[in-house]
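Let me begin by presenting the structure, written as structure tokens, before commenting on it.
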Amino acid sequence: MPVAPPSPTLAIDVHDLVKRYGPRTVVDGFSLAVEQGRICGFLGPNGSGKTTTLRMICGLLTPDGGSGTCLGHDLVRDREAIKRQTGYMTQKFGLYEDLTIRENLEFVGRVYGLDRLKQRVDQSLERLGLTTRQSQLAGALSGGWKQRLALAACVLHEPKLLLLDEPTAGVDPKARRAFWDEIHAYAASGITVLVSTHYMDEAERCHEIAYIAYGELMARGTAADIVRQSNLSAFIATGPGADRLAVKLRDAPGVSAAAAFGATLHVCGPDRAALERAIAPYRVDPNIVWLEAEPTLEDIFIHLMGQAHDNAPGA
Amino acid sequence: MIMARMIMARLPIARLTMGRGFLRRLGAVIMKEVLQLRRDRLTFAMMFGMPIMQLLLFGYAIDTDPHRLPTAVIAADQSQITRTVLSALANTGYMSFTHRPTSEEEANALLQRGEVQFVVTIPSDFTRRLVRGERAQILIDADATDPLAAANPLAAAGPAINQALARDFIGPLAGLRNKADAVELVVQRRYNPEGKARLNIVPGLLAVILTMTMVMMTALAVTRERERGTMENLLAMPVRPIEVMIGKIAPYIVIGSVQVVVILLVSRLLFDVTIEGSVTLLSIGTALFITVNLAIGFTISTLTQNQLQAMQASFFMMLPSILLSGFMFPFRGMPVWAQWIGEALPATHFMRIVRGVMLKGADLGAVSGELVALVAMLLIVSTLAISRYKVTLD
């Protein structure tokens, strides 16, 4: 019996997107495909073009080059159709601080022309757990609550795609976890999520990761794929004074990153032999125990960032 | 004792270091402020460009003693003496005979529409009565809505006529020369018989207050969205520019209307300014004017980056609306180029509508030109606003 899996429907399918601001190319030949119902983490250093890419996907910016579809609609021509089925959460709180929580949700619902508005807003407030605080001004909410409210506003019109731009920046761990639980719940109901973040633990909670640096896609796949494909070697050193070695090892040949985590040291490099040569002088100290380890996502991204930087013109 | 001396000795030093610290910190704040100011180029340009431009503009444009005011003449009596009288009036420099209406009705219409400032009527028996030594009358109807514009010409008219005639009274008429009041000047200050400035100012204020609040309100309403970062969120939702524009403007139309009602009520109760003409016509004109101002405010908001710039641009719009619209100074006192600038301001046209309807009882025909001008401005400004408002963040 032939098992030909049906070709997965792509929620996002963009090719060679280019965006320039004057002489500066912010996004350069970016391509990305995300299957329906997946949570795709969008990572990359600051200024790497994540926000610009998200804005192009949701129709807020017109690409200078490239093409693509979003939920089957053309990126440039069917902008309105994309807007109706997409929820975009801006990096900065985009709701009205001088409206109450309920008024904000009602406004968003009216703009999308939703039926049963009262019922939907009630449900949304209940899901958020803000029913009792619904008449407070949105500006009075703490950072974590603001982000959860913004997310609730984004999904009020039941979009098929969520674009979240650093939704948990500056939010405490508990609120972040609550936020991600909600994201997973939405994904389970079939919504595709493209979420940009700087947090590695969040990257690990994504189904897959896209890493962008200086406007180009550098790595793509699940967290495990990326670790496997990185070909990076890593060692962990523990013992008194291990953490102090970071400064000495950071610029040694063969070491792409050396960082202290509490009392332990974490080093990694692309070439195992070279890395071992670099740490050899310190292995003689009997008090410090060296163990080979798997590189972390952070190791890989910092390594990739360095590579991208080398490739970047004028860098 | 020793302690006290020690404290005394240490005090000046402590004060000195405190003073230095104060200046250093003050300097840091000033420097930061100057740096920020330098970054905001538009504000910087407006701060220096605006005063210079306005000084030149208003310095040259404003003349509180307007000359060559358009005047209609009905000369039912054609004689050497009437010609002398008319040229004497023209020679004052205040009147310029632009219209020769054939009937009183025609002349009244000209006055009501504001096309002429004065109507000079010389009755058919003027020369005859004068020669006979009877009292001869010349009638001047003045549009006194703006008492300032009418005062000097009227004051100059009488002496000018008598002086000129004195030169003409030769031969058989020489006997008239010593009669001081050979010609009686009958002056009718129309629309504002008592020459009260407030009759002119109060309706004009309507235009100024509406310009002030309406333009600024909308300009700030949109830039606020951009400054607070809510614009990006709004643009990501399926709202069209026209919907945002009308939606932003509509509440202010209501606010503007309430302002108008309040101003009119207060004018009536405290200043005794009543509406001579049709309230409906006044309402139509007002609604149109409010809408034009809101559209201007919206356009400003699409051109500026932050609320400060929007505020400054609104002031830039407001000052000419006060100074060049005929509100503060007689419109006809300005040089032609300044009158053209004035014609381009909605406040000028609205000022004429309000004064026409409230003081002169002007009808639709009399203000139709001004209404058309406002509609034209509305179309131009709205087109500009919509073309400038972007659906994307590009």
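Structure data summary
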| read-out | value |
| --- | --- |
| Isotropic mean projected area of the C-alpha convex hull, the stretch B:69-190 (nm²) | 6.7 |
| Charge dipole (the protein assembly as shown, unit charges on Cβ, about Cα centre) - positive-most of B:294, B:238, B:321 | B:321 |
| Per-peptide average of other Cβ atoms within 10 Å, ordering A:255-261, A:174-180, B:346-352 highest first | B:346-352, A:255-261, A:174-180 |
| Between the stretch B:191-227 and the stretch A:122-136, the alpha-carbon center distance in angstrom | 43 |
| Kyte-Doolittle mean at least -1.0 and Cα axial length at least 27 Å: DSSP H helices in chain B | B:2-39, B:41-61, B:147-168, B:197-228, B:241-271, B:279-303, B:364-388 |
| Summed side-chain charge close to residue A:44 - residues other than residue A:44 whose Cβ falls under 14 Å, Lys, Arg +1, Asp, Glu -1 | -4 |
| Mean projected area (nm²) of the alpha-carbon convex hull when the stretch A:210-271 is viewed from all directions | 5.2 |
| 21 Å Cα-Cα threshold exceeded, pairs from B:248/B:390; A:83/B:390; A:160/B:248 | A:160/B:248 |
| Radius, Kirkwood style, for the stretch B:282-394 when every pair of distinct Cα atoms is counted (Å) | 15.1 |
| Long-range tail of P(r) for the protein assembly as shown (Cα pairs > 39 Å, %) | 59 |
| Nearby aspartates and glutamates by direct alpha-carbon distance to residue B:196 (threshold 14 angstrom, same-chain neighbours under 8 apart not counted) | B:143, B:146, B:272 |
| Cα-based equivalent ellipsoid, the stretch A:177-231: semi-axes from gyration tensor eigenvalues, Å | 22, 12, 11 |
| For the stretch A:175-315, size of Cβ-based charge dipole, Lys and Arg +1, Asp and Glu -1, in debye | 280 |
| Using distinct alpha-carbon pairs, which all enter the 1/r mean, Kirkwood radius of chain B in Å | 25.0 |
| Residue mean of other protein chain beta carbons inside 10 Å, A:87-95 | 5 |
| Alpha carbon convex hull of the stretch B:235-290, volume per residue in cubic angstrom | 78 |
| Set of aspartates and glutamates near residue B:32 by C-alpha distance (under 18 Å), chain-local residues within fewer than 8 positions excluded | B:40 |
| Per-residue average of Cβ from other chains inside 10 Å of B:216-229 | 1 |
| From the C-alpha gyration tensor of chain A, square roots of 5λ in Å | 40, 24, 18 |
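Bear in mind these aren't lab numbers, they're just calculated from the coordinates by the rules spelled out. Since the model is a prediction, treat every value here as computed from it, not as a measurement. Don't worry about glycine lacking a Cβ; one is built from the backbone with ideal geometry, like all the others, and counts go over all protein chains shown.
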